[in-house]
Amino acid sequence: MWIGFAEFDYRLGDVHSLKQKRSVVRPIVAELRRRFAVSAAEVGHLDMHRRAVIGTSVVAADRTHVVDVLDAVERSAADHPEVELLSVRRRIIYSEDL
């Protein structure tokens, strides 16, 4: 079993409250879940209104599929003009290496 995960660190645009932040972050998380069948959630900078970290993960039988899904998720995560993607951290592990 192969496990892949990625964290996307964003700077949000014209956001001045945590309520506005949720209105920007929530649709991005929902789109990632819907389009790619991955687990996704806001996982960092929870109390900062102009920053967000979204984490995603995928599990598959082969490494190639995990890489392909994470590549597609990363392209989609970067394609939101209302936010600036600052960095991406990604890791792929094999279950027997744990």
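The values are calculated or read from the model by the stated rules, or taken from the named source; none is laboratory data. What you see is a predicted model; the values in this text were computed from it and never measured. Virtual Cβ from ideal backbone geometry, glycine too; neighbours counted across all protein chains shown. Each accessible area value is taken on the protein alone, full model and side chains, heavy atoms only, with ligands, DNA and RNA left out. Shrake-Rupley method; radii C 1.70, N 1.55, O 1.52, S 1.80 Å.
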Could you check how many residues of the stretch 27-70 are without any contact (Cβ under 8 Å) to a residue 12 or more places away in the chain and either open to solvent by less than 40 Å² (accessible area, probe 1.4 Å) or in a helix (DSSP H, G or I) (or both)?
-> 6
Quick check: is even one residue across the stretch 78-85 part of a strand (DSSP E or B), acidic (Asp, Glu), open to solvent by 50 Å² or more (accessible area, probe 1.4 Å) and touching a residue at least 12 places away in the same chain (Cβ under 8 Å)?
-> yes
Which one of Ser23, Ser17, Ser39 is in contact with a strand residue (DSSP E or B) (Cβ under 7 Å, 6 or more places away or on another chain) and hydroxyl-bearing (Ser, Thr, Tyr)?
-> Ser39
Taking the condition open to solvent by 90 Å² or more (accessible area, probe 1.4 Å), touching a Phe, Trp or Tyr at 6+ places or on another chain (Cβ under 8 Å) and assigned to a strand (DSSP E or B), does Arg11 pass?
-> no
Is it true that some residue in the stretch 65-73 is aliphatic (A, V, I, L, M) and touching an Asp or Glu at 6+ places or on another chain (Cβ under 7 Å)?
-> no
